[in-house]
1. Does Arg237 qualify as being in the same structural domain as Glu90 (by TED's automatic domain parsing) and closer than 17 Å to Ala66 by Cβ?
2. Return the residues of the stretch 49-65 that are free of Cβ contacts under 8 Å to residues at least 40 places away in the same chain and surrounded by 12 or more Cβ atoms within 10 Å (Cβ to Cβ); say none if nothing qualifies.
3. Within the stretch 194-231, work out how many residues are of a type in the set (Lys, Arg) and under 22 Å from Val151 (Cβ atoms).
4. Determine whether the stretch 272-287 contains at least one residue that is outside any helix (DSSP H, G or I), closer than 15 Å to Gln360 by Cβ and in contact with a helix residue (DSSP H, G or I) (Cβ under 9 Å, 6 or more places away or on another chain).
5. Check Phe130, Phe122, Phe141, Phe106 and return the single one that is farther than 29 Å from His310 by Cα and modelled with pLDDT of 95 or more.
6. When the stretch 309-348 is examined, which residues are found to be over 16 Å from Phe106 (Cβ atoms), surrounded by 14 or more Cβ atoms within 10 Å (Cβ to Cβ) and touching a Phe, Trp or Tyr at 6+ places or on another chain (Cβ under 9 Å)?
7. Take the residues in the stretch 203-228 that are more than 21 Å from Phe182 (Cβ to Cβ) and not basic (Lys, Arg), then tell me which one is surrounded by the fewest Cβ atoms within 10 Å (Cβ to Cβ).
8. Tell me yes or no: at least one residue of the stretch 241-251 is out of contact with any strand residue (DSSP E or B) (no Cβ under 7 Å at 6 or more places or on another chain), assigned by TED's automatic domain parsing to the domain that holds Lys51, of a type in the set (Asp, Glu) and closer than 21 Å to Trp44 by Cα.
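The values are calculated or read from the model by the stated rules, or taken from the named source; none is laboratory data. Model, not experiment: these values are computed from the prediction. Note that we place each Cβ from the backbone using ideal geometry, even for glycine, and neighbour counts take in every protein chain shown.
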Amino acid sequence: MSIATRTRVPTARSLPMLDLRREYQHMKDAIDARIAAALDHQTWIMGPEVKELEKRVAGFIGTAHAVGCASGTDALVLALRALCLKLRGEEFFNREDEVITTAFTFAATGDAIIRAGATPVFVDIDPTTFNIDPGKVAAAFTPRTVGIVPVHLYGRACPMPELKALADRQRLFIVEDCAQSFGAEVGGRRCGDWGDAGAFSFFPSKNLGGFGDGGMVTTGDRELAGFVDVLRRHGGRDKYNVELLGYNSRLDTLQAAVLLAKFDYIEDFNRRRQAIARRYTEELTGVRGITAPPVVADSSHVFHQFTIRHPDRDRLAAALGSRGIATMVYYPVPLHGMKVFSERCLPGGPLTESERAAAQVLSLPVEPLLEPDEIDRVVAAVRECA
């Protein structure tokens, strides 16, 4: 009597949004060497790697100063509070002070404004770029407006020349939320060099990401950088005699070591993301129901996320998931729809495009080390499921 055997058919590997293990293997020697050096000197708080990273980031972005901190959220709070100290000589803004920002972003953008004492005013986005609409910014100005926080969403640079002109005319500050845009440029300058300050995140999934949380503030203003430095050290130049209400928000030496190793790969990885995005856009433009981001020929978009629109987004996401293709929705709820902001924000006009985007956006894998056959697989799956 023969025994029937079942042949196991190999299943296709699931494609995550980002494969950090693959990235680590790609740059393992460099990362391990940096960590080993830190293990050797054992200076874990404000070690030499922190200063080295600050210098490299400042040089890369084009600012005179860069100050490391514990997270991208802290970078926003520290930048805003430092501006208040510089401009007002006060530790916090007042509730009457209004700071204009986008409704379509991560919660940290809005809550940083509140943590700095001011009131966020949410305005709508450009439906093509998903970024803050300068026309809506101008329409939201009031005598209480003190600043603007544009967000370079998904890695695409905001129209900073236009926003900078608006801010200059109204004598407003700008803090750029650069959490997703490390390396993006507009008008010949990198994001983080346009405003009074730029706030960066080194969360592991970012284009330049560490092995945990981390952030940095960039600025061309020496006094502003000094305030950020003091605030991240509990608010004092002398830690045993503090002068301001500060934070314990120093960038870890170990994170700085990892980021220094990854720094050598950032421009190559951004180019890889852009190449994948071009392929996606070329293949998906014209597919029923799909709105793909337009092809960007320059470095104004570094594709932290490749985000499409679809009128039946949830069905498409489920169908792709059943085929082993990971997707994410950034972001399903605009800030004005969140409970935390319901009594702490002001609408700067209708937010129709933000609400429509929240219902339609879907981000596809844009891991810089995706293989050509994996890109083909994503394209085929989206075409089939759309």
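1. Details: in the same structural domain as Glu90 (by TED's automatic domain parsing): yes; closer than 17 Å to Ala66 by Cβ: no.
Considered against the rule, which asks whether it is in the same structural domain as Glu90 (by TED's automatic domain parsing) and closer than 17 Å to Ala66 by Cβ, Arg237 comes out as no.
2. Keep residues of the stretch 49-65 that are free of Cβ contacts under 8 Å to residues at least 40 places away in the same chain, which gives 51, 55, 59.
Lys51, Lys55 - these are the residues of the stretch 49-65 that are free of Cβ contacts under 8 Å to residues at least 40 places away in the same chain and surrounded by 12 or more Cβ atoms within 10 Å (Cβ to Cβ).
3. Keep residues of the stretch 194-231 that are of a type in the set (Lys, Arg), which gives 206, 222.
With under 22 Å from Val151 (Cβ atoms) added as a condition, the list becomes 206.
Residues in the stretch 194-231 being of a type in the set (Lys, Arg) and under 22 Å from Val151 (Cβ atoms): 1 in total.
4. Our first condition is that a residue be outside any helix (DSSP H, G or I); within the stretch 272-287, this holds for 285-287.
Going one step further and asking which of them are closer than 15 Å to Gln360 by Cβ, we end up with 287.
This time we only want the ones that are in contact with a helix residue (DSSP H, G or I) (Cβ under 9 Å, 6 or more places away or on another chain), so: 287.
Yes, that holds for at least one residue.
5. Values: Phe130 fails: farther than 29 Å from His310 by Cα; Phe122 fails: farther than 29 Å from His310 by Cα; Phe106 fails: farther than 29 Å from His310 by Cα.
Of the residues listed, the single one that is farther than 29 Å from His310 by Cα and modelled with pLDDT of 95 or more is Phe141.
6. Leu346, Gly348 - these are the residues of the stretch 309-348 that are over 16 Å from Phe106 (Cβ atoms), surrounded by 14 or more Cβ atoms within 10 Å (Cβ to Cβ) and touching a Phe, Trp or Tyr at 6+ places or on another chain (Cβ under 9 Å).
7. Glu223
8. The initial filter retains those residues of the stretch 241-251 that are out of contact with any strand residue (DSSP E or B) (no Cβ under 7 Å at 6 or more places or on another chain), namely 241-245, 247-248.
Among the residues that remain, those that are also assigned by TED's automatic domain parsing to the domain that holds Lys51 are: 241-245, 247-248.
Next cut, of a type in the set (Asp, Glu) only: 243.
Next, from what is left, pick out any that are closer than 21 Å to Trp44 by Cα: none.
So far as the stretch 241-251 goes, no, none of its residues is out of contact with any strand residue (DSSP E or B) (no Cβ under 7 Å at 6 or more places or on another chain), assigned by TED's automatic domain parsing to the domain that holds Lys51, of a type in the set (Asp, Glu) and closer than 21 Å to Trp44 by Cα.
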